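Asks: Please see the structure below; I have some questions.
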Amino acid sequence: VKFYRNERIEQLAERRLAELERVLEAPLQPPIPIDLVAEQVLGLNFLWDDIPELPGETVFAGLIPEKHQIVMNERHKELFERKPGLERFTKGHEMGHWDLFVDQSHLGQPTLPGLNPEHRFAYKTSSSGRVQVLSALLRDPDKYAFLLDLQRRRDQPNEARAVNRYAAALIMPRTLIRQAAVQVDCTHWPNLYRLAETFGVTISALRVRLDQLNLVHLGDQKRLYASKEAGVGQQSLW
Ligand SMILES: [Zn+2]
């Protein structure tokens, strides 16, 4: 597995956003249109489908590299609707797998045996509208199991770190986050909630991002500090 330094991931994400700005001929403002980055820049498409889970397991989404496809698990649709930031981060995570770890030059045609390409897709109507389903795969339990295996493949810790950093860098670009963060007092939770709303992210994703950029640091008892140093300084007084 390739190793990426954070700085390289930040730069790659910034390059992708710049590419979308060229396509849109306009500068990006939060919330970053993550679907457009996937579709217009990375050439990916989205599929909502049922991805079975084992007891105690949560699978938010998967990637099918051969199809340039991110499969979002329908099972969590309600949760995603309640937490759009989670949906956006999940998409960014899968995009990170694609952009950082899939060897796109060696992707050929889908290699699942015995599939007639013309019959691979079908449409069905769901609450979210017309969705593409992998009808051929669904009809053949063995092939579907193989597909799910690919999607479920556990992330190596390094890969998970890298794709989560990529997701954060895409939906919370450091320039835009810094611009917004310096205008408010980031040590007050209500300001952070507003910031999270603006960027379309969960409060926890924002908090991690601000910490990564050393804009705020979460100390004990959910107390917020302007920096790690300030946090350490404060704590040593008690
Ligand atoms: Zn993953």
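Asks: Would you check if there is a residue in the range 101-114 being crowded, with 20+ Cβ neighbours inside 10 Å, at pLDDT 65 or above and in a loop (DSSP other than H, G, I, E, B)?
Replies: no
Asks: Let me ask you something else. For the range 92-99, does any single residue satisfy the condition of being at pLDDT 95 or above, over 20 Å from Glu10 (Cα atoms) and outside any strand (DSSP E or B)?
Replies: No, that holds for no residue.
Asks: For residues in the range 129-185 being among the acidic types (Asp, Glu) and in a helix (DSSP H, G or I), which is modelled with the highest pLDDT?
Replies: So the first thing to find is which residues in the range 129-185 are among the acidic types (Asp, Glu), and the list is 140, 142, 149, 155, 159, 185.
Now restrict to residues that are in a helix (DSSP H, G or I): 142, 149, 159.
Numbers: Asp142: 56, Asp149: 54, Glu159: 85.
The selected residue is Glu159.
Asks: Which residue pairs have Cβ atoms closer than 7 Å, lie 6 or more positions apart in sequence or on different chains, and pair a first residue in the range 202-222 that is acidic (Asp, Glu) with a second residue that is in a strand (DSSP E or B)?
Replies: Asp211/His217; Asp211/Leu218
Asks: Moving to a separate point now. Please state which one of Leu63, Leu17, Leu12, Leu86 is within 16 Å of the ligand (Cβ to nearest atom), surrounded by 14 or more Cβ atoms within 10 Å (Cβ to Cβ) and under 25 Å from Ala196 (Cβ atoms). Steps first, please.
Replies: Details: Leu63 fails: under 25 Å from Ala196 (Cβ atoms); Leu17 fails: within 16 Å of the ligand (Cβ to nearest atom); Leu12 fails: within 16 Å of the ligand (Cβ to nearest atom).
Only one candidate qualifies: Leu86.
Asks: Residues in the range 214-221: is at least one aliphatic (A, V, I, L, M), at pLDDT 90 or above and either loosely packed, with under 13 Cβ neighbours inside 10 Å or closer than 27 Å to Ile34 by Cβ (or both)? I'd like the intermediate steps shown before the answer.
Replies: Here is the first cut: in the range 214-221, the ones aliphatic (A, V, I, L, M) are 215-216, 218.
Now drop any that are not at pLDDT 90 or above, which leaves 215.
Still in the running and either loosely packed, with under 13 Cβ neighbours inside 10 Å or closer than 27 Å to Ile34 by Cβ (or both): 215.
Taking every residue of the range 214-221 in turn, at least one turns out to be aliphatic (A, V, I, L, M), at pLDDT 90 or above and either loosely packed, with under 13 Cβ neighbours inside 10 Å or closer than 27 Å to Ile34 by Cβ (or both).
Asks: Oh, and also: From (1) farther than 16 Å from Glu94 by Cα; (2) polar (S, T, N, Q); (3) exposed (fewer than 13 other Cβ atoms within 10 Å of the Cβ), pick out the condition that doesn't hold for Asn6.
Replies: Evaluating Asn6 over (1) farther than 16 Å from Glu94 by Cα; (2) polar (S, T, N, Q); (3) exposed (fewer than 13 other Cβ atoms within 10 Å of the Cβ) leaves (3) as the failure.
Asks: Within the range 186-203, is there a residue that is closer than 20 Å to Leu12 by Cα and assigned to a helix (DSSP H, G or I)?
Replies: Taking every residue of the range 186-203 in turn, at least one turns out to be closer than 20 Å to Leu12 by Cα and assigned to a helix (DSSP H, G or I).
Asks: Which pairs have Cβ atoms under 8 Å, sit 6 or more apart or on different chains, and link a residue in the range 151-168 that is closer than 13 Å to Phe101 by Cα and within 10 Å of the ligand (Cβ to nearest atom) to one that is at pLDDT below 85 and acidic (Asp, Glu)?
Replies: Val163/Asp155
The values are calculated or read from the model by the stated rules, or taken from the named source; none is laboratory data. This is a predicted model, so every value here is computed, not measured. Cβ sites come from the backbone with ideal geometry, for glycine too, and all protein chains shown count toward neighbours.
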